[in-house]
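Just so you know, all these numbers are worked out from the coordinates, no wet-lab data involved. Everything numeric in this text was worked out from a predicted model, so none of it was measured.
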Amino acid sequence: MARNRRARHDYDVLETFECGIALQGSEVKSLRAGRVSLQDAYARIDRGEAWLVGVHIPPYEHSSGFGAHDPDRARKLLLHREQIDELTGRTQQQSLTLVPLSIYFKEGRAKVELALAKGRRLYDKRHAIASRDADREAAREAARASGRTPARGSRREYE
């Protein structure tokens, strides 16, 4: 339904978790319509419960005033107690962040892919971009050498 594209650019993802999310009926309808924004969203653990903060789910467009929800409210994440304890310990000890990567439906239930991530600095982002470009170029050259794809501008390309 929705992806947080900036998350993998701004953070190094160390581990991912799949968790449920407690929603109201009109929020589910809006999710199914694909109307959700994960920009600037994060998760936090407060008093032994996991909460998703900063997710914007606008009200369902075909509903009237009754049953509308607050689009920016904090939503409870459904995790096992052991997972919450592990996330609490790791975020406090290693200064890691909980970032939602995507929201999707699995067997009719809304799920959140939550990442335990470490923030990247500007030079880390540049290094990641450079290494990704180098890997892409190496794969391109290997494919060209094996004869799978013609080189750009070669004669074989036009035949």
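Tabulated values for the structure
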quantity: J(HN,Hα) series, the range 32-44, from Karplus relation 6.51 cos²θ - 1.76 cosθ + 1.60, nearest Hz, glycine and proline x; calculated: 4, 7, x, 9, 8, 10, 9, 4, 6, 8, 8, 10, 9
quantity: Global geometry of the range 1-125, whether rounded, prolate or oblate, following the gyration tensor of its Cα atoms and the 1.5 cut on a/c; calculated: prolate
quantity: Relative contact order computed over the range 1-71 (Cα-Cα under 8 Å; 6+ residues apart), in percent; calculated: 31
quantity: Relative contact order computed over the range 2-120 (Cα-Cα under 8 Å; 6+ residues apart), in percent; calculated: 37
quantity: Hits among lysines - C-alpha to C-alpha of Lys106 under 23 Å, sequence gap 8 or more where chains match; calculated: Lys29, Lys76
